[in-house]
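Notes follow once the structure below has been shown.
The values are calculated or read from the model by the stated rules, or taken from the named source; none is laboratory data. None of the values given here were measured: they were computed from a predicted structure. With ideal geometry, Cβ positions are generated from the backbone for all residues, glycine too; neighbour counts draw on all protein chains shown. In case anyone asks, the SASA skips ligands and DNA or RNA and just uses the protein heavy atoms, side chains included. Shrake-Rupley method; radii C 1.70, N 1.55, O 1.52, S 1.80 Å.
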Amino acid sequence: MTTATDSAPLAAPAARTSDRGRFLLAFAAGLAAVLLLGSGVLYAFDRQYEGRILPGVHAGSVDLSGLTPTEARSRLAAAFGSVGDGELVLEAGDRTFPVPYAKVDRRVDVDGLVEAAASFGRSGSPLDRLVGNARTALRGVDIVPRVVLDEAALAGEVERAAASLDRAPADASVALGEAGFELAKGTDGVRADRATPLAEATAALKSLAAPARIEISIPAAAVEPAITTAEATEALASAERIARDIDVTVGEERWTIKASTVRTWIRMAPTVDGRYAPVLNVSGSRETLETIAKKIEVAPVNASFLTGRGGDVVGVTAGRDGRTLDLEATSRALVQALQARAGAGASPAVEGVVTVTKPALTTAEAEKVAPQMERISTWTTYFPIGEKNGFGANIWIPSKLIDGYVVPPGETFDFWRAVGPVTRARGFTDGGAIINGRTEPQGALAGGICSCSTTLFNAAARAGLQMGARKNHYYYIDRYPLGLDATVFISGSGSRQTMSFTNDTPYPILIRGINTRKGGSGYVRFDLYSVPTGRKVTFTKPIVRNIRRATDTVQYTSSLPPGVRDRVEFPVDGKDVWVTRFVYDGAGNLLHKNLYYSHYARITGIVMVGRGDTSGDPPPTP
């Protein structure tokens, strides 16, 4: 009993499991049959509409069911062909710019509609397609038509219309005129908006329901110039505050720069912070200050020495400091003072920045060495007083100008710098000159001055100084030491020959120029004073070679009375001469060795003999 009771409940679950399995199997078989049937239906359906649009597909109001793509394209083109008819009107101020729809290629995207319609129901699983096709056939599907256009062409039309409104602004400006600064007012410009009308036109034209005429207004806004009239007016006021007289002072001295000059330094320009303001031309101020600097400049004056009747140094003449204007620093101060006027309107004077220059020989230095100074060398040149030397003036004047000249240690004496300009106003007259190998008695202003330069050259050379520029005369003049003459000249073409030497001693050198005359003769002498250094100077005997003997000639002239003779040129032998100078210090050491070479030309003598009036007669043989 117990065994039977226990086994009965176990049999029932087995029966239920078997029923569920049979159900599932039956269901699967049925589903497979349905799918098989659906696939067959779908296959038959696809075969029926192969190459055609499925039933129920519309593009807007256009039914495309069962049409081939070509048929659908034709039907859509006919249905939406009017989309390209009409015009867009762009309003730019009082002007209008019509734009036909066709110009921007406004149309319905027919190809896109056909492609979408033809592909509808052609994808997905067989079941999905079966359900979808059934639903499309029953309910239908609508593909929304899309309007397209040439957006680049539309943007070009908007730009063309907008550009008609554009107007560039005109900057205000300030310029210097004949009567002062002049203001030119600025004007606003106009800039049309492109983005807004382009967006509005694009949206309107892409709407399928757009009317045959669309009007779009192009807005425009005023554009302020970069420099407004108000800004230029303010700049003008600043410029006028700057452009007034301003003084440059040095101590109690004062120089005024006129407002008319200051104006020329000012120009108007935009500044880095966006303003329009007057800007000062620093180079212009420097040019004006250079003129003032010449008036301010004072050359330093070396201390000098006083000599007694016997030539001894008996005292000192005080030196004087010089001064120069520091152009760079003064220009900066001037510009700063003028800039200060732009805002506050102040007009202070500008204190010139001056650099004091000490003389090469100060009073203190001169006083220190004065008691030790002696005459260290001398040289004298005698000459006949006549028209060839301006009757002595062309020799004596430069010697007086040089008299008292002090050459400080390390400084160089230059003959023309010491003498200064040679002018008639200073007393120089015409005198002899060698022109084209002949002596012209009145050939040059200051002719004969070489007696002065030669004399000083010999005095300096015998003092043992470091000699500089020197050149011999064209031919030898016998009143000068052979091979040690020193010509000077400044030609009309600018050629220049000077005589120079450098004080290479530690003490100042005082040059004394002494002149005298006696009847028709005169002489010039230069004495050099300094603290003796023990230098010894020797000269070799001149070496003379290549002598070219001169001849004498007679020339007859009707400009003299018969028998009267006048020598116009002395015969002078040509030659080459070498002279060597040796300079030793107190210990016997060689300081300088100078070889002076002189090439002297041969000069043929000329005696003019008067014949009276001999017109028509052949000239006699000398």
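Across all Cα pairs in the chain, the calculated P(r) in 10 Å bins from zero up to the longest distance comes to 3, 10, 10, 9, 8, 8, 7, 6, 5, 5, 6, 6, 6, 5, 3, 2, 1, 1, 0, 0, 0 percent per bin.
Sum -39500 (n - 2.57) across every DSSP H segment of at least 4 residues in the chain, then divide by the residue count to get the 222 nm mean residue ellipticity, nearest 500.
Estimated from H runs of four or more residues: -10000 deg cm²/dmol.
For region 264-407, carbon and sulfur atoms together expose 53% of the accessible surface, with a 1.4 angstrom probe and every protein chain in place. Take each peptide in 509-518, 591-600, count the other Cβ atoms within 10 Å of every residue, and average; sorted highest first, the result is 509-518, 591-600.
With N the number of residues in region 66-225, Rg(Cα) / (2.2 N^0.38 Å) evaluates to 1.73. Helix 229-242 against the longest principal axis of the chain: what's the angle in degrees, Cα atoms only, rounded to the nearest 10? Relative to the chain, helix 229-242 is tipped by roughly 20 degrees. Using the average count of surrounding beta-carbon atoms within 10 Å as a protection proxy, the listed peptides 112-121, 211-220 rank, highest first, as 112-121, 211-220. Separation of the alpha carbons by more than 27 angstrom is noted, of Lys294/Lys471; Lys471/Lys575; Lys400/Lys518; Lys368/Lys536; Lys400/Lys471; Lys358/Lys400, for Lys294/Lys471. Of all lysines in the structure, the ones whose alpha carbon falls short of 23 Å from that of Lys206, not counting any fewer than 8 places away in one chain, are Lys103.
Computed from point charges on the beta carbon alone (+1 for Lys and Arg, -1 for Asp and Glu), the dipole magnitude for the chain about its Cα centre is near 3200 Debye.
Using only alpha carbons, region 374-427 has a radius of gyration to Kirkwood radius ratio (Rg to Rh) of 1.02.
Where does helix 282-296 land angle-wise versus the long Cα axis of the chain, in degrees 0 to 90, nearest 10? Around 20 degrees separate the two axes. Packing around the peptides 445-456, 305-316, taken as the average count of other Cβ atoms within 10 Å per residue, puts them in this order, highest first: 445-456, 305-316. Loop-located GluC sites (Glu not before Pro) in region 226-329 (DSSP state other than H, G, I, E, B) with a sparse environment of at most 14 neighbouring Cβ atoms within 10 Å: Glu252, Glu297. At a probe radius of 1.4 angstrom, the accessible area of the chain per residue rounds to 54 square angstrom. Compared with the dominant principal axis of the Cα atoms in the chain, helix 327-344 is inclined by about 50°. The radius of gyration of the Cα set in region 343-397, together with its Dmax, comes out at 25.5, 75 angstrom. What shape does region 159-226 have by the C-alpha gyration tensor, where a ≥ b ≥ c are the square roots of the eigenvalues, rounded means a/c under 1.5, and otherwise prolate means a/b greater than b/c and oblate the rest? Note, shape of region 159-226 comes out prolate. Here region 406-540 was treated as a single set of alpha-carbon atoms; its pair distances binned every 10 Å from 0 give 10, 40, 35, 13, 1 percent. Surface composition of region 202-249: carbon and sulfur atoms hold 55% of the protein heavy-atom accessible area at a 1.4 Å probe. Farthest towards the positive end of the charge dipole of the chain, among the residues Gly93, Gly343, Gly483, is the Cα of Gly483, using unit charges on the Cβ of Lys, Arg, Asp and Glu. Would you mind counting up the charge near Val262? Only other residues with Cβ under 13 Å from its Cβ, with Lys and Arg at +1 and Asp and Glu at -1. The answer is +2.
For Asp245 and Thr187, a Förster radius of 30 Å and the Cβ-Cβ distance give a FRET efficiency of 0.25, rounded to the nearest 0.05.
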